[in-house]
Amino acid sequence: MTNPSRILSGIQPTGNIHLGNYLGAIRNWVGMQNEAECLFMLADMHAITLPYVPAELRACVRSTAAYYIACGIDPDKSAIFPQSAIAGHAELSWILTCHTPLGWLNRMTQFKEKAGKHKDNASLGLYSYPVLMAADILLYRATHVPVGEDQKQHLELARDIAGAMNRFYEQELFPLPEPVIMKQAARIMSLRDGTKKMSKSDESEQSRIHLSDSNDAIATKIRKAKSDMLEGISYDLAARPEASNLLSIYATIQGISIDEAQATCGALNFSSFKERLAEALIAHLTPIREKYHLLMNNPAYLDGIMHDGISKARIIADDHMRHIKEVAGFYSASHDRKW
Ligand code: AMP
Ligand code: TRP
């Protein structure tokens, strides 16, 4: 990362956090907290782009905040807040919407995946989702955005929109945000199919490890994970997608490179390697799960953290929004007084 000054990222509170979210995103946020000011959102406005249950969303915001903290986000250093609490996300999103050509949105592959076969039934919100994401980032003038590989296209769009805004309003309203995508574990794959992303929306629970999984569930899912018939364990994405995925999970959890993991585990057969991987995962995830349960027993503490996060975020957001609305030519009472 070159000279980060403000880091922003978020996860949709739409269900259980899985290993892909943890290794691809949250784990990387933890190390950044000492490098720059950090804002970590709970993207509840994005969560309503698909059908949802309101009471579950509210509960999930709190539990996702608990996971952020259990995974190592320090609320004394980083702001943790629900996106919907700051009006600027929706306000800026509208302005950006009016500067985003339809052609740019038509290229977004995630809309095509999420809308599925019935595009006409998808909401307008699902379509303009990447514009709201750009607003999340630009509202805070964030310089760096740590995400998993699947968000890269949305980040490119955010940069394009920032550039278009700067040109139209003839000033540097926004820095061009840089994606921060770790090489290792940027794309954790399904345990049932090494060519598919590990995802909340996969109907098979066996395809992913949740941070809430018991030690037994972790061991069983790893034992049953798809393997191949080749000898030993090696990293070869094209020929051995499942072995490569498990090896990269192992390396990332152990904090070593894939080459190092291959040097220590290459000679093992699949069942011994899976045992070793399950042990490593259990050792890593147990303290996170325990901390999560402790936090969930103290909802008032979690609400207090989010309250503080909202206050921190609001100061930055309101200040920028005031300036952006002025530049956009919107009427404001304080401006009026100067006339
Ligand atoms: P989402 O669950 O779609 O809100 O994703 C939250 C964050 O987790 C984003 O930064 C994603 O890029 C990241 N992420 C989701 N699934 C994976 C995966 N299978 N591998 C790596 N990162 C992922
Ligand atoms: N769209 C992201 C995802 O599904 C979540 C998100 C919303 C986000 N707003 C963001 C990530 C802003 C980074 C920055 O993963």
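The values are calculated or read from the model by the stated rules, or taken from the named source; none is laboratory data. Bear in mind that the values here come from a model prediction, so they are computed numbers and not experimental data. Backbone-built Cβ (ideal geometry, glycine too); neighbour counts: all protein chains shown. Keep in mind that these areas ignore ligands, DNA and RNA; they rest on the heavy atoms of the full protein, side chains included. Shrake-Rupley method; radii C 1.70, N 1.55, O 1.52, S 1.80 Å.
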Among the listed residues A280, A328, A238, A313, identify the single one that is under 22 Å from S207 (Cβ atoms), of a type in the set (G, A, S) and surrounded by 14 or more Cβ atoms within 10 Å (Cβ to Cβ). A280
Consider S248 against the criteria (1) surrounded by 13 or more Cβ atoms within 10 Å (Cβ to Cβ); (2) outside any helix (DSSP H, G or I): it satisfies all of them except one. Which criterion is unmet? (2)
Residues within the range 18-42 that are more than 17 Å from S78 (Cβ to Cβ) and hydrophobic (A, V, I, L, M, F, W, C), tallied: 2
Residue hits (the range 157-180; away from ligand 1 (no atom under 14 Å from the Cβ) and in a helix (DSSP H, G or I)) are L157, R159, D160, I161, A162, G163, A164, M165, N166, R167, F168
Is there a residue in the range 47-57 that is within 16 Å of ligand 1 (Cβ to nearest atom), at pLDDT 95 or above, assigned to a helix (DSSP H, G or I) and farther than 30 Å from A328 by Cα? yes
Kindly provide the set of residues from the range 165-183 that are more than 13 Å from ligand 2 (Cβ to nearest atom) and closer than 30 Å to I324 by Cβ, ordered by number. M165, N166, R167, F168, Y169, E170, Q171, E172, L173, F174, P175, L176
Give the residues of the range 1-29 that are open to solvent by 10 Å² or more (accessible area, probe 1.4 Å), more than 13 Å from ligand 2 (Cβ to nearest atom) and closer than 20 Å to I209 by Cα, sorted by residue number. N16, R27
Return the only residue of A162, A186, A158 being modelled with pLDDT of 95 or more, within 16 Å of ligand 2 (Cβ to nearest atom) and over 20 Å from A47 (Cβ atoms). A162
Do we have L39 as in a loop (DSSP other than H, G, I, E, B), surrounded by 15 or more Cβ atoms within 10 Å (Cβ to Cβ) and within 13 Å of ligand 2 (Cβ to nearest atom) here? no
Here's a check for you: in the range 92-141, which residue that is in contact with a helix residue (DSSP H, G or I) (Cβ under 8 Å, 6 or more places away or on another chain) and assigned to a loop (DSSP other than H, G, I, E, B) is nearest to ligand 1 (Cβ to nearest atom)? M108
From R208, R223, residue being open to solvent by 40 Å² or more (accessible area, probe 1.4 Å) and either out of contact with any Cys (no Cβ under 6 Å at 6 or more places or on another chain) or at negative phi (or both): R223
